[in-house]
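Here the structure comes first, spelled out in structure tokens, and everything after it is commentary.
A short reminder: the numbers here are calculations on the coordinates, not readings from a lab. All figures in this text were calculated on a predicted structure; none of them were measured in a lab. No Cβ is skipped: glycine too gets one built from the backbone with ideal geometry, and neighbour counts run over all protein chains shown.
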Ligand code: SF4
Ligand code: SF4
């Protein structure tokens, strides 16, 4: 039963990820003309990673917008971005990573390619996980603070030199569709293309490597994981220690030990696989008890 629930849940999640990806890349004519949508919706950023320069993008990228934060004396927009993302983080933590990120879905699909999978040694994995905070605090905030461009706007270091999402969604389509962009593509495009190729190759062998090790947006949302309104709760008294939840978690979390780990993307797979409903979602500290547990408790009381 838990297995069937999990299959259904996974299909729903994939549909939400794909549907959301299509929705915020709905400017389909951009893919034919090689142009970028510049309409009023571009003033708002979407909650997940999605390149501003993708020909289909109808919203702005949160990380690209965040890098303009130190231009705040001239534009109020950047403060709005950080506040808006912090509110999302406080509401749902990394739920966005698990449900509303197109690049997350792409990595998950690549991981489905049937090959032997790579298990990173625990110590190395632990160290590498800090890399995403380096991306956030050094490349998104730090360098943008110290280095501004000629119009005093924080330089978009992460977007410009690292982001594989931008290369996939923006750089490649524009270079293919736009002859001016093709002529201008130099060493920087080649470097970013290499980063993307490495990221894609790694995704075949490691589950969501960009999300685990590199994504500054995941790092930002992770800061709110333990205090967000949506949280996971673990009921020790129902648990039979079968270990199904930690085996199911491809992000390497043990939800029995740390149900609100900064590494959890709130995909909900462990909740579905648990045969004893020992894991559940809580809103503002109030657990939503699964019906089956309540019925079992009622039956127990009546005996
Ligand atoms: S702990 Fe559960 S909800 Fe979090 S990433 Fe792992 S399987 Fe998904
Ligand atoms: S799957 Fe459920 S019962 Fe099994 S170890 Fe995890 S929390 Fe406990």
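What base-10 log of the normalised intensity I(q)/I(0) is obtained for region 136-267 from the Debye formula, alpha carbons as equal point scatterers, at q = 0.20 Å⁻¹?
-1.19
For the chain, set up a Gaussian network in which alpha carbons nearer than 10 Å are linked by springs, and say which option among 219, 57, 202 fluctuates the most.
Comparing 219, 57, 202 in a Gaussian network model of the chain, the most mobile one is 202.
Give the order of 13, 208 when sorted by the count of other beta carbons within 10 angstrom, beginning with the fewest. Write out the running numbers ahead of the final one.
Details: 13 18, 208 26.
The order, fewest Cβ neighbours first, is 13, 208.
Roughly how many nanometres apart are two label points built 7 Å out from the Cα toward the Cβ at residue 281 and residue 29?
Distance between label points: 3.7 nm.
Would you compute, for the Cα atoms of the chain, the largest minus smallest coordinate along each principal axis and list the three values in descending order, in whole Å?
Here the Cα extents, ordered largest to smallest, are 77, 45, 40 Å.
Could you give me the percent of Cα pairs per 10 Å distance bin for region 6-60, shortest bin first, beginning at zero and ending with the bin that holds the maximum distance?
Per 10 Å bin, starting at 0, the Cα pair percentages come out as 26, 44, 21, 9, 0.
For the chain, what is the percent of antiparallel DSSP beta bridges, rounded to the nearest 5? Walk me through the intermediate numbers first.
Numbers: 8 of 9 bridges.
Bridges in the chain are about 90 percent antiparallel.
Could you give the angle, 0 to 90 degrees to the nearest 10, between helix 77-92's Cα long axis and the longest principal axis of the Cα atoms of the chain?
20
Name the residues of region 201-230 whose amide N is less than 12 Å from a point 7 angstrom out from the Cα of residue 87 along the C-beta direction?
Residues passing the 12 Å test: none.
Per DSSP H run of at least 4 residues, take -39500 (n - 2.57); add these up for the chain, divide by its residues and hand me the 222 nm value, nearest 500 deg cm²/dmol.
On the way: 17 runs with 144 residues, N = 303.
So the helix-based figure for the chain works out to -13000 deg cm²/dmol.
Calculate, in nm to one decimal, what residue 205 and residue 240 gain on full extension: separation in residues at 0.36 nm each, minus their alpha carbon distance. Intermediate results must be reported in sequence, preceding the final value.
Values: separation 35, 0.36 × 35 = 12.60 nm, distance 3.13 nm.
Result for the pair: 9.5 nm of gain on full extension.
Let a ≥ b ≥ c be the square roots of the eigenvalues of the Cα gyration tensor of region 102-147; is it rounded (a/c under 1.5), or, if not, prolate (a/b larger than b/c) or oblate? Spell out each step's value before the answer.
Numbers: a/c = 5.04, a/b = 1.73, b/c = 2.91.
Oblate.
Relative to the first principal axis of the alpha-carbon coordinates of the chain, what is the inclination of helix 102-111, with its axis defined by its Cα atoms, in degrees from 0 to 90 and to the nearest 10?
70
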